[in-house]
1. Per 0.36 nm of contour for each residue apart, how much would the distance between E95 and N148 grow if the chain were fully extended, relative to their Cα-Cα spacing?
2. So, with +1 on the Cβ of K and R and -1 on the Cβ of D and E, and no other charges, what is the size of the charge dipole of the stretch 74-169 about its Cα centre, to the nearest 20 debye?
3. Mark the label point 7 Å from the Cα of Q167 along Cα→Cβ and return the residues of the stretch 177-206 whose backbone N is within less than 12 Å of it.
4. Under a GNM of the chain (C-alpha, springs under 10 Å), which listed residue has the highest mean-square fluctuation: G182, G58, G70?
5. By how many nm would the segment from R87 to Q198 lengthen if fully extended, with 0.36 nm per residue of separation less the alpha-carbon distance?
6. To the nearest 10 degrees, how steep is helix 95-116 against the longest Cα principal axis of the chain, on a 0 to 90 scale?
7. For a test of the definition: using alpha carbon positions, the gyration tensor, and the 1.5 limit on a/c, classify the stretch 140-192 as rounded, prolate or oblate.
8. Using 28 Å as the Cα-Cα cut-off, could you pick out the over-long pairs in K90/K203; K32/K53; K90/K184?
Amino acid sequence: MKKPAADRILMFLKMRGEATSLSISKELSITKEGARKHLLNLAEEGLIRSVAKSEGIGRPSTYYILTEKGLSQFPDSHADVTVQILRSVKNLLGENALDLLINDREKNTYERYEKALVKAESLEHRLDVLVQVRSEEGYMAEWIKEGNDYFLIENHCPICAAATECQGFCRAELSNFRNLIGKKYQVERVNHILSGGQRCVYKISE
(Lines give C-alpha, C1' and ligand atoms only; values in the text may rest on other atoms or scores of the structure.)
Protein backbone atom coordinates (compact mmCIF):
# COMPACT_ATOMS: atom_id res chain seq x y z
CA MET A 1 0.00 0.00 0.00
CA LYS A 2 1.25 3.46 -0.90
CA LYS A 3 2.20 5.61 2.09
CA PRO A 4 0.24 8.83 2.75
CA ALA A 5 1.72 11.97 1.22
CA ALA A 6 2.69 13.37 4.63
CA ASP A 7 4.73 10.27 5.46
CA ARG A 8 6.42 10.37 2.07
CA ILE A 9 7.34 14.02 2.58
CA LEU A 10 8.85 13.27 5.99
CA MET A 11 10.85 10.39 4.51
CA PHE A 12 12.03 12.57 1.61
CA LEU A 13 13.20 15.29 4.00
CA LYS A 14 14.90 12.69 6.17
CA MET A 15 16.80 11.36 3.16
CA ARG A 16 17.62 14.73 1.62
CA GLY A 17 18.10 16.88 4.73
CA GLU A 18 16.25 19.79 3.11
CA ALA A 19 14.05 20.39 0.08
CA THR A 20 11.93 23.04 -1.64
CA SER A 21 8.21 22.68 -2.28
CA LEU A 22 9.00 22.28 -6.00
CA SER A 23 11.34 19.31 -5.45
CA ILE A 24 8.81 17.78 -3.05
CA SER A 25 5.99 18.18 -5.59
CA LYS A 26 8.14 16.42 -8.21
CA GLU A 27 9.03 13.62 -5.78
CA LEU A 28 5.37 13.02 -4.90
CA SER A 29 4.13 13.66 -8.47
CA ILE A 30 1.63 16.27 -7.26
CA THR A 31 1.10 19.95 -7.97
CA LYS A 32 3.24 22.55 -6.25
CA GLU A 33 0.07 23.88 -4.60
CA GLY A 34 -0.74 20.40 -3.31
CA ALA A 35 2.77 20.07 -1.89
CA ARG A 36 2.44 23.46 -0.16
CA LYS A 37 -0.81 22.32 1.48
CA HIS A 38 0.84 19.20 2.90
CA LEU A 39 3.85 21.23 4.03
CA LEU A 40 1.59 23.73 5.78
CA ASN A 41 -0.16 20.92 7.67
CA LEU A 42 3.16 19.35 8.67
CA ALA A 43 4.45 22.73 9.86
CA GLU A 44 1.32 23.26 11.95
CA GLU A 45 1.94 19.87 13.56
CA GLY A 46 5.47 20.99 14.40
CA LEU A 47 7.08 18.26 12.28
CA ILE A 48 8.88 20.55 9.82
CA ARG A 49 10.03 24.16 9.60
CA SER A 50 11.09 26.44 6.76
CA VAL A 51 14.40 28.22 6.26
CA ALA A 52 15.26 30.89 3.70
CA LYS A 53 18.45 30.41 1.69
CA SER A 54 19.99 32.97 -0.63
CA GLU A 55 21.01 31.44 -3.95
CA GLY A 56 22.41 34.39 -5.83
CA ILE A 57 20.34 37.09 -7.50
CA GLY A 58 16.65 37.34 -6.61
CA ARG A 59 14.54 36.39 -3.64
CA PRO A 60 15.82 33.74 -1.22
CA SER A 61 14.49 30.22 -1.77
CA THR A 62 12.41 28.52 0.91
CA TYR A 63 13.62 25.11 2.06
CA TYR A 64 11.92 22.74 4.49
CA ILE A 65 13.69 20.64 7.12
CA LEU A 66 12.58 18.31 9.88
CA THR A 67 12.21 19.63 13.42
CA GLU A 68 13.20 17.62 16.51
CA LYS A 69 9.61 16.37 16.62
CA GLY A 70 9.85 15.40 12.96
CA LEU A 71 13.12 13.57 13.52
CA SER A 72 11.53 11.67 16.38
CA GLN A 73 9.29 9.96 13.81
CA PHE A 74 12.40 7.89 12.99
CA PRO A 75 13.23 6.43 16.42
CA ASP A 76 16.29 4.53 17.55
CA SER A 77 16.01 0.76 17.83
CA HIS A 78 15.39 -0.21 21.48
CA ALA A 79 16.95 3.13 22.53
CA ASP A 80 15.94 3.17 26.19
CA VAL A 81 17.05 -0.40 26.85
CA THR A 82 20.38 0.19 25.10
CA VAL A 83 21.13 3.31 27.12
CA GLN A 84 20.22 1.54 30.38
CA ILE A 85 22.57 -1.34 29.56
CA LEU A 86 25.43 1.03 28.72
CA ARG A 87 24.94 2.92 31.97
CA SER A 88 24.86 -0.33 33.92
CA VAL A 89 28.10 -1.51 32.31
CA LYS A 90 29.73 1.81 33.09
CA ASN A 91 28.47 1.93 36.70
CA LEU A 92 29.14 -1.71 37.57
CA LEU A 93 32.31 -2.43 35.60
CA GLY A 94 33.79 0.99 34.82
CA GLU A 95 34.85 2.94 31.73
CA ASN A 96 37.41 0.30 30.72
CA ALA A 97 34.69 -2.34 30.37
CA LEU A 98 32.67 0.05 28.19
CA ASP A 99 35.72 0.62 25.98
CA LEU A 100 36.20 -3.14 25.67
CA LEU A 101 32.55 -3.55 24.67
CA ILE A 102 32.87 -0.87 21.95
CA ASN A 103 36.18 -2.31 20.70
CA ASP A 104 34.62 -5.77 20.45
CA ARG A 105 31.66 -4.37 18.50
CA GLU A 106 34.05 -2.46 16.22
CA LYS A 107 36.07 -5.62 15.55
CA ASN A 108 32.98 -7.72 14.79
CA THR A 109 31.53 -5.03 12.55
CA TYR A 110 34.80 -4.64 10.67
CA GLU A 111 35.10 -8.38 10.04
CA ARG A 112 31.49 -8.55 8.80
CA TYR A 113 31.93 -5.58 6.45
CA GLU A 114 35.32 -6.80 5.24
CA LYS A 115 33.74 -10.12 4.27
CA ALA A 116 31.01 -8.29 2.33
CA LEU A 117 33.66 -6.20 0.54
CA VAL A 118 35.94 -9.06 -0.44
CA LYS A 119 35.05 -8.85 -4.17
CA ALA A 120 34.72 -5.05 -4.30
CA GLU A 121 37.87 -3.67 -5.90
CA SER A 122 36.99 -0.13 -6.98
CA LEU A 123 36.06 2.63 -4.54
CA GLU A 124 32.60 3.02 -6.08
CA HIS A 125 31.95 -0.72 -5.78
CA ARG A 126 33.04 -0.62 -2.12
CA LEU A 127 30.71 2.31 -1.50
CA ASP A 128 27.85 0.44 -3.18
CA VAL A 129 28.37 -2.48 -0.79
CA LEU A 130 28.71 -0.27 2.28
CA VAL A 131 25.54 1.61 1.37
CA GLN A 132 23.63 -1.65 1.01
CA VAL A 133 24.91 -3.10 4.29
CA ARG A 134 24.42 0.10 6.25
CA SER A 135 20.92 0.63 4.84
CA GLU A 136 19.97 -2.89 5.87
CA GLU A 137 21.05 -1.89 9.38
CA GLY A 138 18.80 1.18 9.35
CA TYR A 139 21.21 3.97 8.45
CA MET A 140 19.39 5.02 5.23
CA ALA A 141 22.76 5.27 3.51
CA GLU A 142 23.66 6.58 0.06
CA TRP A 143 26.73 7.97 -1.68
CA ILE A 144 27.33 10.79 -4.13
CA LYS A 145 30.30 12.16 -6.04
CA GLU A 146 31.11 15.87 -6.22
CA GLY A 147 34.12 16.73 -8.34
CA ASN A 148 36.93 14.40 -7.29
CA ASP A 149 35.46 13.73 -3.85
CA TYR A 150 33.01 11.08 -2.71
CA PHE A 151 30.53 11.46 0.13
CA LEU A 152 29.07 8.57 2.11
CA ILE A 153 25.81 9.86 3.59
CA GLU A 154 23.83 8.31 6.43
CA ASN A 155 20.41 9.92 6.75
CA HIS A 156 19.46 8.13 9.96
CA CYS A 157 21.30 6.77 12.99
CA PRO A 158 19.56 3.73 14.52
CA ILE A 159 22.00 3.79 17.47
CA CYS A 160 21.78 7.53 18.11
CA ALA A 161 20.76 7.14 21.75
CA ALA A 162 23.67 4.78 22.42
CA ALA A 163 26.08 7.06 20.56
CA THR A 164 24.84 10.07 22.54
CA GLU A 165 25.49 8.18 25.77
CA CYS A 166 28.93 7.07 24.61
CA GLN A 167 30.57 8.74 21.60
CA GLY A 168 33.08 5.92 21.42
CA PHE A 169 30.61 4.30 19.00
CA CYS A 170 31.07 7.19 16.56
CA ARG A 171 34.86 7.09 16.85
CA ALA A 172 34.80 3.34 16.20
CA GLU A 173 32.62 3.73 13.09
CA LEU A 174 34.92 6.40 11.63
CA SER A 175 37.92 4.16 12.30
CA ASN A 176 36.22 1.24 10.56
CA PHE A 177 35.37 3.32 7.50
CA ARG A 178 38.96 4.52 7.21
CA ASN A 179 40.29 0.96 7.34
CA LEU A 180 37.64 -0.42 4.98
CA ILE A 181 38.00 2.33 2.36
CA GLY A 182 41.78 1.90 2.39
CA LYS A 183 44.95 3.87 3.10
CA LYS A 184 44.90 5.35 -0.40
CA TYR A 185 42.01 7.59 0.64
CA GLN A 186 41.42 10.15 3.37
CA VAL A 187 38.11 9.74 5.20
CA GLU A 188 36.76 12.49 7.43
CA ARG A 189 33.37 13.11 8.99
CA VAL A 190 32.17 16.51 7.77
CA ASN A 191 28.64 16.40 9.19
CA HIS A 192 27.53 14.71 12.40
CA ILE A 193 24.05 14.09 13.77
CA LEU A 194 25.32 14.31 17.35
CA SER A 195 26.76 17.75 16.60
CA GLY A 196 23.41 19.05 15.38
CA GLY A 197 23.60 17.92 11.76
CA GLN A 198 20.64 16.53 9.87
CA ARG A 199 22.71 13.48 8.93
CA CYS A 200 26.21 12.00 9.16
CA VAL A 201 28.40 12.66 6.11
CA TYR A 202 31.83 11.20 5.41
CA LYS A 203 34.06 12.88 2.83
CA ILE A 204 36.37 10.53 0.94
CA SER A 205 39.25 12.00 -1.04
CA GLU A 206 42.62 10.89 -2.37
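The values are calculated or read from the model by the stated rules, or taken from the named source; none is laboratory data. The structure presented is a predicted model; accordingly, all values stated were derived computationally and were not measured. Don't worry about glycine lacking a Cβ; one is built from the backbone with ideal geometry, like all the others, and counts go over all protein chains shown. Keep in mind that these areas ignore ligands, DNA and RNA; they rest on the heavy atoms of the full protein, side chains included. Shrake-Rupley method; radii C 1.70, N 1.55, O 1.52, S 1.80 Å.
1. Values: separation 53, 0.36 × 53 = 19.08 nm, distance 4.07 nm.
That works out to 15.0 nm of additional length.
2. That gives a dipole near 240 debye.
3. 192-196
4. Maximum fluctuation in the GNM of the chain, among the listed residues, is at G58.
5. 37.3 nm
6. 70
7. Verdict is oblate for the stretch 140-192.
8. K90/K203; K90/K184
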